[in-house]
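Peer 1: Below is a structure I'd like to ask you about.
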């Protein structure tokens with residue numbers, strides 16, 4: 001006896017190749033499908049609609065198939081509310097909890113579809129007072145009512161732009177063949193668009209920004225209001241301050257690339273100087289620190305977050321060494337973001353991508369194409385890679401936005 005389910009999907013199903021992916025997924029699971037109804041959207045704003053009957057050989061196969069189809073935007077069409085189960089212990093979810101994606105998600109509650117707030121991947125959905133929100137496992141508390149199973153849930157995958165000329169390069173993937181000037185011009189358009197939409201532009205930067213001479217470009221973007229938050233690790237802060245105070249990065253003179261005598265200790269001198277001042281902010285206010293990326297952040301009132309790691313020297317006074325706390329502060333600064341620029345840092349880019357919903361655009365710049373690939377492979381499908389020297393990219397972007 002074949003098990004049957006009817007699922008439905010809505011959106012730009014043809015433009016984004018969602019419909020063919022749905023059909024392929026059914027076949028992969030040795031199941032069958034029959035299209036009961038299909039309406040194609042006739043305008044840029046009108047969605048298409050698909051109603052599909054699927055047959056699977058057994059209950060386990062059907063469960064796996066429904067789980068895969070859910071991620072493609074297919075929801076069971078039985079009209080039931082999402083099942084809720086009460087959490088019995090802090091940080092302990094029911095075994096059959098629903099694990100979220102980074103796509104826009106709705107749950108059916110009280111026979112109404114409600115949008116899930118604070119969307120992010122690898123979270124649970126808690127429903128309270130008629131609202132649904134993503135909750136990390138460590139934030140789950142006894143008594144929370146959590147969504148379990150797969151019914152009463154609708155996922156809306158990000159669709160391809162109907163306007164082929166509007167930020168079209170966002171669908172071009174990762175390529176070392178793309179001209180840097182073209183990528184810069186299109187990234188500048190994304191920056192302007194985000195600001196026009198009253199959205200934040202967030203920079204996620206690694207110490208390579210300093211090594212490649214990108215400090216002037218990034219500092220200029222911050223000073224002129226094109227960056228609204230800076231997320232990084234202790235290393236960027238240390239090398240940025242070392243460069244500002246001593247003209248070196250890891251003891252190498254930025255002016256001519258030669259090793260400074262006893263320059264190996266300059267990064268520790270930079271950290272020491274900040275402790276003498278009390279903090280980076282106090283160093284700027286006292287005049288001890290007079291240039292650089294963090295200097296511009298303080299002067300412009302742009303928040304910066306430095307997340308620590310096991311390998312950090314010092315670290316700087318502002319570096320957050322509690323990883324859970326650092327994650328929380330990162331997530332807070334990412335609220336309201338419309339564009340994230342990831343600049344020469346694989347780990348921080350992946351971490352940031354994991355916190356973002358899929359409708360926030362990400363431009364990942366790195367000289368190594370595998371960095372952008374890894375960011376995408378870990379679930380951040382909206383990331384676009386620009387294979388380029390980070391210093392050159394920032395210099396050109398600053399000039400493009402001048």
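Coordinate-derived values only; no laboratory data. Everything numeric here is computed off the predicted structure, so don't read it as measured data. Positions of Cβ are backbone-derived with ideal geometry, glycine not excepted, and every protein chain shown enters the neighbour counts.
Peer 1: Where does helix 59-71 land angle-wise versus the long Cα axis of the chain, in degrees 0 to 90, nearest 10?
Peer 2: Roughly 50 degrees between the two axes.
Peer 1: Also, I was wondering about something else. Given the options 249, 118, 159, state which has the largest fluctuation in a GNM of the chain using a 10 Å cut-off (strictly under) for Cα springs.
Peer 2: Largest GNM mean-square fluctuation: 159.
Peer 1: Let me understand region 79-159 better: what is its radius of gyration from the alpha carbons, and its Dmax, in angstrom?
Peer 2: So, for region 79-159, Rg and Dmax equal 11.5, 38 Å respectively.
Peer 1: In a Gaussian network model over the chain where Cα atoms closer than 10 Å are linked, find which of 155, 201, 252 has the largest mean-square fluctuation.
Peer 2: Ranking 155, 201, 252 by mean-square fluctuation puts 252 first.
Peer 1: Divide by every residue of the chain the summed helix terms, -39500 (n - 2.57) for each DSSP H run of at least 4, and state the resulting mean residue ellipticity at 222 nm, rounded to the nearest 500 deg cm²/dmol.
Peer 2: On the way: 13 runs with 136 residues, N = 402.
Theoretical 222 nm ellipticity from helices: -10000 deg cm²/dmol.
Peer 1: Right, something else. Could you give the distance between the Cα centres of region 177-231 and region 263-341, to the whole Å?
Peer 2: 18
Peer 1: Let me ask something else about it. Given Cα pairs under 8 Å that are at least 6 residues apart, what percent is the relative contact order of region 168-400?
Peer 2: Relative contact order of region 168-400: 29 percent.
Peer 1: Express the relative contact order of the chain as a whole percentage, based on alpha carbon pairs under 8 Å and six or more residues apart in sequence.
Peer 2: Contact order relative to length: 15 percent.
Peer 1: Let me ask something additional. Order 234-245, 277-288, 204-215, 183-194 from most to least packed using the mean count of other Cβ atoms within 10 Å. Intermediate values should be presented prior to the final figure.
Peer 2: On the way: 234-245: 26.0, 277-288: 16.5, 204-215: 24.1, 183-194: 19.2.
The most tightly packed comes first, giving 234-245, 204-215, 183-194, 277-288.
Peer 1: Next question. Kindly provide the pair-distance distribution of the chain built from C-alpha pairs, with 20 Å bins from 0 and whole-percent values in order of increasing distance.
Peer 2: Reading upward from the zero bin: 25, 49, 23, 3.
Peer 1: Packing-wise, with mean Cβ within 10 Å as the measure, how do 320-326, 362-368 rank, highest first?
Peer 2: Per-residue Cβ counts within 10 Å, averaged per peptide and sorted highest first, yield 362-368, 320-326.
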